[in-house]
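First up is the structure itself, then whatever we jot down about it.
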Amino acid sequence: MKEDKPNILKRLIVLGDSNVGKTTLLKSFVFNKEDRQYAFYNIEFHCQVYEKDNQKIKLFLFDSFGQRSFKFKKNFMIKCNFIVLLYDITNRDSFDSICIQVISQIYKESNPIIILIGNKCDLESKRQVSFKEGLDIANQYGVFFYEVSALKGIRVDEFINDVLNKIIQIS
């Protein structure tokens, strides 16, 4: 039996400092699915096929291994349809570096859909970055904003579903 080929192909990369939860978030996309995992040039990626609204979507999910130097990935990022900027709400430096070093550069140089995500919302008592701060930056640059807990699965399904809906909408 011939397998139906996906009719939509998109790329999503997750950027952020070490230990903000990039790999855990990406694993949410491939949980309980047949995962094809690859690695090259300090970027690990997964290839996943989804079915939504009678569409087959092939999504390449890239994990940047938490390097602070995003310059090396600049040409690579321009080819991505979605860029997820992930920070840890319990780590002020992770928010500052993603906002100062990355969001303004991406905003000027390419036209992907940018999603700012504050991770570890389950650790409210250790919060260093307020929800309002994340939302204000997202509004300033006109990007999408979520707070999730990749580890506990809080609002991750909402985020994934919104990405899939956006893929269908722009295709």
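Listed by first and then second residue, the pairs linking a residue in region 11-32 that is in contact (Cβ under 8 Å) with a residue 12 or more places away in the chain to a residue that is assigned to a strand (DSSP E or B) and acidic (Asp, Glu), with Cβ atoms under 6 Å apart and 6 or more places separating them unless they lie on different chains, are Val14/Asp63; Val20/Asp88; Lys22/Asp63; Thr23/Asp63; Leu26/Asp63.
Within region 8-30, identify whether any single residue is over 26 Å from Phe95 (Cβ atoms) and modelled with pLDDT under 85, and answer yes or no.
Yes, that holds for at least one residue.
Scanning region 113-135 for residues being surrounded by fewer than 20 Cβ atoms within 10 Å (Cβ to Cβ) and farther than 16 Å from Asp88 by Cα gives a total of 1. Checking each residue in region 59-94 for being in a helix (DSSP H, G or I), surrounded by fewer than 24 Cβ atoms within 10 Å (Cβ to Cβ) and at pLDDT 90 or above picks out Arg92, Asp93. In summary, Tyr50 fulfils each of the numbered conditions (1) assigned to a strand (DSSP E or B); (2) at pLDDT below 55; (3) of a type in the set (Phe, Trp, Tyr) with the single exception of condition (2).
The values are calculated or read from the model by the stated rules, or taken from the named source; none is laboratory data. If you're wondering where the values come from, they're calculated on a predicted model, not measured in any experiment. Don't worry about glycine lacking a Cβ; one is built from the backbone with ideal geometry, like all the others, and counts go over all protein chains shown.
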